[in-house]
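*Asks:* First the structure, then my questions, so here it is.
Each reported figure results from applying straightforward, stated rules to the coordinates on display, with no laboratory input. Quick caveat: nothing in here was measured; it's all calculated off a predicted structure. Because the Cβ atoms are built from the backbone with ideal geometry, glycine has one as well, and the counts that use them run over all protein chains shown.
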Amino acid sequence: MKRLYVGILILALIGLTGCEDTTIKSSVPTAPVQLTINTEAGLYVHFVPANVGEALIVDGAGFHFHGQTIPLTSTDYYGYSGVLIYITQDQQYAAFDLCCPHCKKRAVPCSLDGFYLVCPTCDEQYDVSHGYGTPTKGVSKEALRKYTTVYSNHRLTVRD
């Protein structure tokens, strides 16, 4: 019986040490992200999950939505190059840093063109329509840095 316990212990240790870390690490430098949007207030009443394809960009100048800019508050942090918040095909929020993981140029953010964030430096396109930010054209092998989104009681929170 003692041999059985020792055997199980050895197998457990081998199993634990053989695990590979599958955490996706982005090459885009980390920077704090903390944004809250009340989808029942003012300009944001149309930024709800049913409106697939809607996008909001947040950068140093503020929240950009439907041609208007709302200033940042003292509690807003917008990542490394800015944040795109996008309502995906399955009516979920997805948030990505605007920095191209291939070029890593903080001052040259990607811009939104339909379903894609496009890097102006390397011309890479990242598909954001399904919430993954995967490269689809160009040289990048890495997806965009993705941020956590939580939607509850008409409040959207984005954080790192």
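*Asks:* Mean residue ellipticity at 222 nm from the helices of the chain, using -39,500 (n - 2.57) per DSSP H segment of n ≥ 4 over the full residue count, to the nearest 500 deg cm²/dmol?
*Replies:* On the way: 1 runs with 16 residues, N = 160.
When only DSSP H runs of four or more count, the value is -3500 deg cm²/dmol.
*Asks:* Sorted from fewest to most neighbouring beta carbons within 10 Å, what does the list His66, His102 look like? Before the final figure, lay out the partial values.
*Replies:* Working: His66 11, His102 19.
Ascending Cβ contact count within 10 Å gives the list His66, His102.
*Asks:* Would you please classify the overall shape of the chain from the alpha carbon gyration tensor, given that a ≥ b ≥ c denote the square roots of the eigenvalues, rounded means a/c under 1.5, and beyond that prolate means a/b larger than b/c while oblate covers the rest?
*Replies:* The shape class here is prolate.
*Asks:* Multiplying the sequence separation of Thr134 and Arg155 by 0.36 nm and subtracting their Cα-Cα distance, what value in nm do you get?
*Replies:* Computed gain between Thr134 and Arg155 is 4.9 nm.
*Asks:* While we're here: Subtract the Cα-Cα distance of Val48 and Gln68 from 0.36 nm times their separation in residues, and report this length gain in nm to one decimal.
*Replies:* The Val48-Gln68 span can extend by a further 5.5 nm.
*Asks:* Decide, for segment 51-136, between rounded, prolate and oblate: order the square roots of the alpha carbon gyration tensor eigenvalues as a ≥ b ≥ c, take rounded if a/c falls under 1.5, and otherwise choose prolate if a/b is larger than b/c, else oblate.
*Replies:* Note, shape of segment 51-136 comes out oblate.
*Asks:* In nanometres, what is the gap between the two model label sites at Ala41 and Ala61, each 7 Å from Cα along Cα-to-Cβ?
*Replies:* Result: 2.2 nm between the two label points.
*Asks:* Cross-chain or 8 or more residues apart, Cα under 23 Å: how many lysine pairs in the chain fit that? Count them up, please.
*Replies:* 12
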